[in-house]
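**Q** Below is a structure I'd like to ask you about.
The values are calculated or read from the model by the stated rules, or taken from the named source; none is laboratory data. Quantities reported herein were computed from a predicted structural model and do not represent experimental measurements. We place every Cβ from the backbone using ideal geometry, glycine too, and count neighbours over all the protein chains shown. Protein only, heavy atoms only, side chains kept; ligands, DNA and RNA dropped before computing areas. Shrake-Rupley method; radii C 1.70, N 1.55, O 1.52, S 1.80 Å.
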Amino acid sequence: EKRHAELIAGQFNAITPGNEMKPDALQNVPGQFTFERGDKIVDFARAHGMQVIGHTLCWHQQAPAWLFQDGSGRPLPRKEALANLKSHIQGVLEHYKGKIKGWDVVNEAVPDGPGDLRDTPAYKAIGDDFVLKAFEFAHEADPNVELYYNDYNIDMDYKREKGLKLVRRIRDAGLRLDAVGIQGHWG
């Protein structure tokens, strides 16, 4: 709608897509990228002098099953799951190279309950270094784009230490991490 576009362009200098750049939106079928919806957001932003933050390269909620699971829902072998993750990240970052300021590389990997990482399809197929591998693949694909970890409630006591532990682990591995996004799910 025109008035929403005018409001956004007039009041903001950065934009982050809600769903248009999540793995299932960009590559629901292996090897078939569908960038049209994400491209519209990038084109809008560029036309209005806005920066784009890509959201997200790896997330358990909106990842197509083929990325980390076989046809029966079982975890893929590590090597195959890593190849899928790398191919997805490379394809996305190559397409958007020079058009996006930074990417939420991994979203919501820290659990609300026990453990240091969520028990997700990526975790089950790749192992506890899936976050590190995602950051490694993103930096290889575009060394100039900023890389972020994004999560909710990591500012809260029950989740803070796990979030800090993950950030330290990324940094200790020598991987690029430019910022941490803390979602504002205000109640």
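**Q** Given the criteria more than 30 Å from TYR158 (Cβ to Cβ), among the β-branched types (Val, Ile, Thr), at pLDDT 95 or above and in contact with a Gly (Cβ under 9 Å, 6 or more places away or on another chain), does VAL92 qualify? Break it down stepwise before answering.
**A** Working: more than 30 Å from TYR158 (Cβ to Cβ): yes; among the β-branched types (Val, Ile, Thr): yes; at pLDDT 95 or above: yes; in contact with a Gly (Cβ under 9 Å, 6 or more places away or on another chain): yes.
Here the answer is yes, as VAL92 does meet what is asked.
**Q** Quick check: anything in region 125-137 under 17 Å from LYS22 (Cβ atoms) and part of a loop (DSSP other than H, G, I, E, B)?
**A** No, every residue in region 125-137 fails to be under 17 Å from LYS22 (Cβ atoms) and part of a loop (DSSP other than H, G, I, E, B).
**Q** Taking the options ILE8, ILE41, ILE15, name whichever one is in contact with an Asp or Glu (Cβ under 8 Å, 6 or more places away or on another chain) and more than 19 Å from ALA138 (Cα to Cα). I'd like the intermediate steps shown before the answer.
**A** On the way: ILE8 fails: in contact with an Asp or Glu (Cβ under 8 Å, 6 or more places away or on another chain); ILE15 fails: in contact with an Asp or Glu (Cβ under 8 Å, 6 or more places away or on another chain).
Residue meeting the stated conditions: ILE41.
**Q** Would you call LYS133 in contact with a Leu (Cβ under 9 Å, 6 or more places away or on another chain) and open to solvent by 10 Å² or more (accessible area, probe 1.4 Å)? Explain how you work it out, then say what you get.
**A** On the way: in contact with a Leu (Cβ under 9 Å, 6 or more places away or on another chain): yes; open to solvent by 10 Å² or more (accessible area, probe 1.4 Å): yes.
Yes; evaluated as a whole, the condition is true for this residue.
**Q** Right, something else. Here is a list of conditions, (1) open to solvent by 50 Å² or more (accessible area, probe 1.4 Å); (2) over 22 Å from PRO143 (Cβ atoms), and LEU67 meets all of them except one; can you say which number that is?
**A** Of (1) open to solvent by 50 Å² or more (accessible area, probe 1.4 Å); (2) over 22 Å from PRO143 (Cβ atoms), only one is false for LEU67: (1).
**Q** Now for a separate question. State all residues of region 114-124 that are open to solvent by 30 Å² or more (accessible area, probe 1.4 Å) and either assigned to a loop (DSSP other than H, G, I, E, B) or in contact with a Cys (Cβ under 9 Å, 6 or more places away or on another chain) (or both); if no residue qualifies, say none.
**A** Residues of region 114-124 open to solvent by 30 Å² or more (accessible area, probe 1.4 Å): 114-116, 118-119, 121, 123-124.
PRO114, GLY115, ASP116, ARG118, ASP119 - these are the residues of region 114-124 that are open to solvent by 30 Å² or more (accessible area, probe 1.4 Å) and either assigned to a loop (DSSP other than H, G, I, E, B) or in contact with a Cys (Cβ under 9 Å, 6 or more places away or on another chain) (or both).
**Q** Would you tally the residues in region 136-146 being open to solvent by 10 Å² or more (accessible area, probe 1.4 Å) and touching a strand residue (DSSP E or B) at 6+ places or on another chain (Cβ under 7 Å)?
**A** 2
**Q** Among the listed residues LYS79, LYS101, identify the single one that is open to solvent by 40 Å² or more (accessible area, probe 1.4 Å), under 30 Å from ASP43 (Cβ atoms) and out of contact with any Cys (no Cβ under 9 Å at 6 or more places or on another chain). Step through it out loud before you land on a result.
**A** Details: LYS79 fails: under 30 Å from ASP43 (Cβ atoms).
Going through LYS79, LYS101 in turn, the sole match is LYS101.
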